[in-house]
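Just so it is clear, none of the values below were taken in a lab; they were calculated from the coordinates. Everything numeric here is computed off the predicted structure, so don't read it as measured data. Heads up, the Cβs are rebuilt from the backbone with ideal geometry, glycines too, and the neighbour counts pull from every protein chain shown.
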Amino acid sequence: MSKTNESLVEKGLLITAISSIILIALIILFIFWEGIPAMQSYGFFNFVFGMDWSPSDNQYGVFPMIIGSLAITGLSLLMAVPLGISCAIFLAEIAPNSMRQILRPTIQTLAGIPSVVYGFFGLIILVPFMRVQFGGTGFSMLTASIVLTVMILPIIVSVSEDAIRSVPYEYKEASLALGSTHWQTIKNVLFPAAIPGIITSVILGMGRAIGETLAIIMVAGNVVQIPGSIFDPVRALTSNIAIEMGYATGIHYNALFATGIVLMAMIIILLVIANYLHYKKKVTIGGGYL
């Protein structure tokens, strides 16, 4: 390739990257432009820490929905992370090739299923099961978390497996040569070396979970309250926006955009914390463990 063609490709990639940044910045600017008036009118602290959401009474408190979003996401990660990492270790180090050829396409297929299908599964199967086994309506934080667990498992499994398989084979050979068993090698060498990549998979899963909308609307119950148990219905921030945006006007309309601002701030804070842990662990492993 000539220098002219290389220069054109570089400029094209630069323009594409700048365009992406500009589009994201415009979206953020639009959300803030529409949402700030509600915070100014109702008060930032009243909006973020308010306990009541009743647009007909001019009440716009999103704190119960913040708790609902965090609770659903946290519970789903609590279930998905151990399952996903265990499955990734099995696929990368234990499963025979014939089983890998079956499991990998299956997991990839799960990642491509639309969220509405997961929502229908939860609505038809999980909700009646929860109603019979635990009482109540069946629409609950636990039901939503189980659906989210299934949705984010493919992400955690795929990225974690790649992280484990990307550990240099020499590490495994050295451990086995020193007399370690296969399981000891996985536990003490491969898994610690793959932790930065595994943390990345958890970050991606967390982003998918906290931003999910349709499946949560269908199974969470959408009641604006701080849940007293995992069997109580909740409403997430994303669900609140999707449910009410179709008929919102005036300050109610602006309050939904302000809800988007709060959601965006939550995601940024969680990603910063997760990336800090990722970087710290990566530096520790790179500088000392290995």
Given springs between every Cα pair under 10 Å in a Gaussian network model of the chain, which of P96, P192, P227 has the largest fluctuation? P96
Work out the count of Lys pairs in the chain where the Cα-Cα distance is under 26 Å, with the pair 8 or more places apart or on different chains. 8
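What dipole magnitude, in Debye to the nearest 20, does segment 46-289 give about its Cα centre under +1 on Lys/Arg Cβ and -1 on Asp/Glu Cβ? Walk me through the numbers before you get to the answer.
On the way: 11 positive and 10 negative charges, 100 e Å.
My answer is approximately 480 debye.
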Ranked from fewest to most other Cβ atoms within 10 Å of their own Cβ, Y171, Y279 fall in the order Y279, Y171
In 10 Å bins starting at 0, how do the alpha-carbon pair distances of the chain split up by percent? 6, 22, 26, 24, 15, 6, 1, 0
Within the set E244, E93, E173, GNM on the chain using Cα springs under 10 Å gives the largest fluctuation to E173
To the nearest 0.05, the calculated FRET efficiency linking R165 and T4 through their beta-carbon distance, R0 being 45 Å, is 0.70
